[in-house]
Amino acid sequence: MQDKRAERRGPTEAAGVDLSPVSHHLGFLVRLVQQRIFDEFHRRFGAEGLTPARYSVLAVLAANPDARQVAVANALQIKPSNMAVLIGALEADGLVERRTDAENRRANMLRLTARGAALHATVAREIEEMDRGFAAHLAPQERAALLAALGRFLQP
């Protein structure tokens, strides 16, 4: 089953539209780049029910087992109510397990299941390939500089 989000935009419908009034706005350009990347993500992984948000949680938990749910939500800038739904879905799919924090019984600790870890490992390799494709027109130094510059936007 193909994810319809990956099909919603096309170059034919955008032909002839002058984007110069907004092409110098960082946020606008970042959003367009994000949209292209997310469209490709949905094309590749939509049939498995994987979204960028779901993948980001799997990736963060792969690097941070037994992380508090609220910490992961804050790090990924996901609202707590949305995070609860997201974790519920990942748990129902057998990708994440949730347990009560022994130090704070109101907090949940999260970790990948074996199935979640395997899915993350497989998808992470394909995302690396996808990233290389998107950055193919950049020299390695340009790609590194772009990632470094974008990373600085996330610093407090």
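General observations
- Put a dot 7 Å past the Cα of residue 114, heading toward its Cβ, do the same for residue 29, and the two dots end up 4.8 nm apart.
- Unit charges on C-beta of K, R, D, E only; dipole of the chain, Debye: 360 debye
- Its relative contact order, with pairs defined as Cα atoms under 8 Å and 6+ residues apart, puts the stretch 47-156 at 25 percent.
- Spin-label model distance (nm) - residue 71 vs residue 56, 7 Å beyond Cα toward Cβ: 1.9 nm
- Residue-averaged [θ]222 nm for the chain, counting only DSSP H segments that reach four residues, each worth -39500 (n - 2.57): -18500 deg cm²/dmol
- In degrees, nearest ten, helix 114-134 long axis to first principal axis of the chain (Cα): 10 degrees
- Estimated vicinal HN-Hα couplings, Hz - the stretch 22-34 in sequence order (Karplus 6.51, -1.76, 1.60; Gly, Pro = x): 10, 5, 9, 8, 3, x, 5, 5, 4, 5, 5, 5, 4
- Overall form of the chain per C-alpha gyration tensor (a/c, 1.5; a/b vs b/c): prolate
No value in this document is a laboratory result; all are computed from the given coordinates. The shown structure was predicted, so the numbers you read here are calculated from the model rather than taken from an experiment. A quick note on method: Cβ atoms are made from the backbone with ideal geometry, for glycine too, and the neighbour counts reach across all protein chains shown.
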